[in-house]
Amino acid sequence: MRSLLALLVVTLALAALCCCEKDSKDPSASLSAAGIKIRKEDANAFVKRQKRSSLYERYFEYYKSPMEQMHERCENYPPCDYLSDQIGFSMAYNRYFGRY
């Protein structure tokens, strides 16, 4: 196990040296603000605008279902959360908060 760990550390060290080596002869190796800019078409290829959703979808983004509200209420109360892992959500919720 130690030999495998030592091999991994040596490999990572060599990879770091190879990646971080800087050639002083190459003037393009220095970073500048112009080298960071990309074209608008390339940027739009991976950054997409979210499409408009229907009224039904927007409603459910803002309002939670009653069952989800009960789950959050039980999760925020540590004894109920612990008991729900042991015996299930519905029985734990009934024990601490009554019938749902």
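Cβ crowding within 10 Å ranks Lys64, Lys37 as Lys37, Lys64, fewest other Cβ atoms first. Note on Leu4 and Arg73: their simple-model spin labels are 5.0 nm apart, each label 7 Å out from Cα toward Cβ.
Judged by the mean number of other Cβ atoms found within 10 Å, the most tightly packed of the peptides 79-85, 6-12 leads the ranking 79-85, 6-12.
Would you mind calculating the gained length between Ile36 and Leu55 on full extension (0.36 nm times residue separation, minus the Cα-Cα distance), in nm to one decimal? Don't jump to the answer; show the numbers that get you there.
On the way: separation 19, 0.36 × 19 = 6.84 nm, distance 4.00 nm.
Net length gain for the segment: 2.8 nm.
Just so you know, all these numbers are worked out from the coordinates, no wet-lab data involved. Quick caveat, the model's predicted, so the values are computed rather than measured. Glycine also receives a Cβ, built like all others from the backbone with ideal geometry; neighbour counts cover every protein chain displayed.
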